[in-house]
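Report on the structure given below.
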Amino acid sequence: MKKIIFLLSTAAILASCSSSKKIDSVSRAMENVEKINELKFPKANAIQIAQDVAFLASDDLKGRDTGSEGIEKAAAYLSERFQELGIASYKGSYLDNFDAKGKKAFNVLAMIPGSDKALKDEVVVIGAHYDHIGMLQAVAGDSIANGANDNATGTASVLALATNFKELDFNRRTVVFALFSAEEKGLLGSKHLANRMKEEGVNVVAMLNFEMTGTPMVNRPYIAYLTGHDGSNMAAVFNEANINRVVTGKLDQAAKFNLFKRSDNYPFFEAFNVPSQTFSTFDFTNFDHYHKVGDDTTKVNTDHMAQLVNAVMPGVFNVVNGKKLKLTQATNE
């Protein structure tokens, strides 16, 4: 397994230390989070991202409606992907079962335990919903709402981040990768997991959500916008962690349509009162197939998706290994 490679003298330290000494050395280096731009991060694999989106958005899954055979196939695929990556299940099972208005539903959960004695009980949740709306009235003979951009793209982005963390083999805090079902039924999967974690006494310190990341924004200086932009210092942390480009910004429409409360970040904000926000590149002008049968793989740009994962990776690493994010007094819009 590859280890973190530092551009400066940390590389020599890691090469000569045992595993436990490595953790201590990197932990000391991480005390100054500005040093994060001295790390080399793995690059997202656009081909693997395309394969993940293609499977989830295939006609065979018939739109991944909650309670359907198609979403069961999706859950099996996602569980197998985590197994292939060598990432353990969350508390003994990849499937987190719950009732979704009388239908059998399950989130898919995986976990990489934290390595730092002082921080391993702090949990960062990285998530996306993998369900969609199933079948619709036929348009030109097509009745399958494939849900490629909504939200096979967010799901594939989380898998790409999970791949990076497994390859890096370093996270001071515990990371839970959560793929939610029944988002389209009213955020039921994320509500279930947030409440479950709260009841179990899990110390969630941040939630990073990915929603509709498959199409690039036009004429924006940043690659993604962040819902609830002014409600925490998350945007600043991500932009400071990546010296090569502006990672995220504020989209006026996100506040207008109250997107902060309309995706799977929100139940974690309600349950834990910690920074919990969604990254998205759907800006209401660059995608015309929301909840339509036209939301298929031909509308998704997986090279853009890989660029997005690469852009956010330094910030995600900072959230997992650096200082805690902080809420502000601003309204979460």
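Some observations on this one:
- Amide H contacts under 5 Å for residue 105, placed H, 5+ residues apart: 98, 100
- Highest mobility in the GNM of the chain, judged by mean-square fluctuation with C-alpha springs under 10 Å and restricted to 228, 201, 67, is found for 201.
- Residue with peak Gaussian network fluctuation, the chain [Cα springs, cutoff 10 Å], from 156, 138, 182: 138
- 115, 181, 143, 263 arranged by Cβ crowding within 10 Å, fewest neighbours leading: 143, 115, 263, 181
- Between helix 69-85 and the chain: long-axis angle, C-alpha atoms, 0 to 90°, nearest 10: 20 degrees
- Beta bridges per DSSP with both ends in the chain, % antiparallel, nearest 5: 50 percent
- Annotation: the residues 71, 144, sorted from fewest to most other C-beta atoms within 10 Å of their own C-beta, follow the order 144, 71.
- Vicinal HN-Hα couplings computed from phi for segment 153-170 (Karplus, 6.51 cos²θ - 1.76 cosθ + 1.60; Hz; Gly/Pro x): 5, x, 4, 5, 5, 5, 4, 5, 5, 4, 4, 4, 5, 5, 6, 5, 6, 8
- Environment charge at residue 122 (Cβ cut-off 12 Å; Lys +1, Arg +1, Asp -1, Glu -1): +4
- Cα-derived Rg over Rh, computed across segment 197-313 with Rh taken as Kirkwood radius: 0.98
- Taking the C-alpha atoms of the chain, convex hull volume expressed per residue in Å³: 126 Å³
- Amide H contacts under 5 Å for residue 127, placed H, 5+ residues apart: 178, 208, 209, 210
- Taking the helices alone, the chain has a mean residue ellipticity at 222 nm of -10500 deg cm²/dmol, built from -39,500 (n - 2.57) per DSSP H run of at least 4 residues and averaged over all its residues.
- GNM on the chain, alpha-carbon springs under 10 angstrom: the most fluctuating residue among 275, 42, 216 is 42.
- Remark: relative contact order (the chain) = 23 percent; criterion is Cα-Cα distance under 8 angstrom and separation of 6 or more residues.
- Order of 282, 269 - criterion: other Cβ atoms within 10 Å of each residue's Cβ, fewest first: 269, 282
- Segment 266-291 and segment 155-220 have Cα centres separated by 11 Å.
- log10 of Debye I(q)/I(0), alpha-carbon scatterers only, for segment 56-186 at 0.19, 0.22 Å⁻¹: -1.01, -1.24
- Computed magnitude of the charge dipole of segment 44-321 (debye, nearest 20; Cβ of K, R +1, Cβ of D, E -1): 520 debye
- Local net charge near residue 283, Cβ-Cβ under 13 Å (Lys/Arg +1, Asp/Glu -1): 0
Throughout, read-outs are computed from the coordinates displayed, never taken from laboratory work. As the structure is a prediction and not an experimental result, all values here were calculated from the model. Heads up, the Cβs are rebuilt from the backbone with ideal geometry, glycines too, and the neighbour counts pull from every protein chain shown.
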